[in-house]
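The values are calculated or read from the model by the stated rules, or taken from the named source; none is laboratory data. The structure presented is a predicted model; accordingly, all values stated were derived computationally and were not measured. Virtual Cβ from ideal backbone geometry, glycine too; neighbours counted across all protein chains shown. Heads up: the accessible areas ignore ligands, DNA and RNA and are worked out on the full protein's heavy atoms, side chains in. Shrake-Rupley method; radii C 1.70, N 1.55, O 1.52, S 1.80 Å.
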Amino acid sequence: NPDPAIILPFAAMIALASLTSTLGYSNEREQVRRREAVELAPSGAFLLGRDDGTIQEANRAFAECLGYTREELKNLPISKIWPHADDRADFFRLAEPGGKNAAVETRCVGRDGASHWFVLSGRSLDDETISCRIEDITRYKETEAALNAERRRLLSVLDTLPAYVTLQREDHTFRFANRAFRETFGNPEGRLCYEVLRNSRRPCTPCNGTLVFTLWSPRQWEWDHMNGKTYEVHAYPFTDTDGTPLMLQLGIEITQRVQAEEALKGIAGNLQAKNRELEVLRSQLYVVNQDLDAMVRERTADVEKLLAQKDEFI
């Protein structure tokens, strides 16, 4: 009979060799499956090694987006096309094994040196590999940058206006206040409109700004500040690019105009009073004239009577 002490180690070696072969086959199948998934991805995709930070596989969409071939990207350090170390560190931290999907907005550099904006999302397949997907958002970022530049130019123009201009939210906070507003009422940052404008703890009753949001229609009103100045306000509701409802307020100081109007009202009142006095005098003069006419007629009759008597006497 064979000695068990000889057979058991031999059997163990055979079993270990068989298990190693099976695991190797399984790993190879898994790698093939991953490569196929990358190739069939509808957008840019690649496999990233966690330890060495190299690109293990990349599909054609990702390679062509950066002006490379798939072969040129394979085993290329990701830092070659993704030079932003802080973004890389955040991505690797978020894509820890067992964690949730990681997603960052970042820029990569193509073969021609041009920057490309991507939304890079990834998920750890195991301790060694991160499956990555990209969405090219370069045009969106360029459009966003152009809009932000236009917005800055607009706000710069608003800063030069002699009237105050503000952008307010529904909660009475300020999103923007131009220079004229800040110089007149102070910096509104972190404060509510009724705190800034009226030094009050409660909104006005009724609050015209609230009515603008509620009715979603323009409104116009006048208000007097404690500094003795009067302002005419034109308010318009609109929706910002991020969907936030806002109110644009244009406040024009009309103190001199109001004072002039009040003065004109006073003058008009005085004129009306004078006109009434003249009407009374005119009525009195009419009565006097009537009396004078009667007296003249009576005296004329007396004179005529005397003349007639004189003629008779002669």
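Put a dot 7 Å past the Cα of residue 312, heading toward its Cβ, do the same for residue 36, and the two dots end up 15.4 nm apart. About the centre of its Cα atoms, the stretch 224-269 shows a dipole size close to 220 debye [charges on the beta carbon of Lys, Arg (+1) and Asp, Glu (-1) only; nearest 20 debye]. Taking 7 Å steps out from each Cα toward its Cβ at residue 201 and residue 189 produces label points 2.7 nm apart. Legend: P(r) of the chain from all alpha carbon pair distances, 20 Å bins from 0, whole percents, reading 19, 23, 23, 13, 10, 5, 4, 2, 1, 0, 0. Remark: the stretch 131-183 carries a charge dipole of roughly 100 debye about the Cα centre, counting +1 on each Lys and Arg Cβ and -1 on each Asp and Glu Cβ. For the chain, the residue among 218, 116, 180 whose Cα projects farthest onto the positive side of the dipole built from Cβ charges is 180. Between the residues 300, 145, 81, the greatest Cα displacement towards the positive end of the dipole of the chain, with unit charges on the Cβ of Lys, Arg, Asp and Glu, is found for 300. Among 48, 281, 192, which one moves the most in a GNM of the chain with springs linking Cα atoms closer than 10 Å? Looking only at 48, 281, 192, the biggest GNM fluctuation is shown by 281. Ordering 125, 244, 99 by Cα displacement along the dipole of the chain toward the positive end leaves 244 in first place; charges were set at the Cβ atoms of Lys, Arg (+1) and Asp, Glu (-1). Could you list log10 I(q)/I(0) for the stretch 183-314 at q = 0.11, 0.18 Å⁻¹, which the Debye formula gives when each Cα is one point scatterer? Log10 I(q)/I(0), no solvent term: -0.67, -1.09. Note on the chain: helix-only mean residue ellipticity at 222 nm, from DSSP H runs of 4+ residues weighted -39500 (n - 2.57) and normalised by residue number, equals -17500 deg cm²/dmol. Protein-only accessible surface at a 1.4 angstrom probe places the residues 221, 82 in the order 221, 82, largest first.
Surface listing: 286, 236 arranged by accessible area from highest to lowest gives 286, 236, probe 1.4 Å. Think of each Lys and Arg Cβ as +1 and each Asp and Glu Cβ as -1; about the Cα centre, that makes the dipole of the chain roughly 180 debye. Surface composition of the stretch 46-141: carbon and sulfur atoms hold 45% of the protein heavy-atom accessible area at a 1.4 Å probe.
Take the Cβ-Cβ distance between residue 216 and residue 147 as r, set R0 to 30 Å, and report the resulting FRET efficiency rounded to the nearest 0.05. Efficiency at R0 = 30 Å is approximately 0.80. The mean accessible area for residues of the stretch 33-148, using a 1.4 Å probe and ignoring ligands and nucleic acids, is 57 Å² per residue. With the simple model of a label 7 Å out from the Cα in the direction of the Cβ, residue 264 to residue 223 spans 2.6 nm.
Legend: calculated FRET efficiency, residue 175 to residue 140, from the Cβ-Cβ distance at R0 = 30 Å, rounded to 0.05, equals 0.85.
Counting only aspartates and glutamates at least 8 places from residue 305 when in the same chain, those with an alpha carbon closer than 20 Å to its own are 293.
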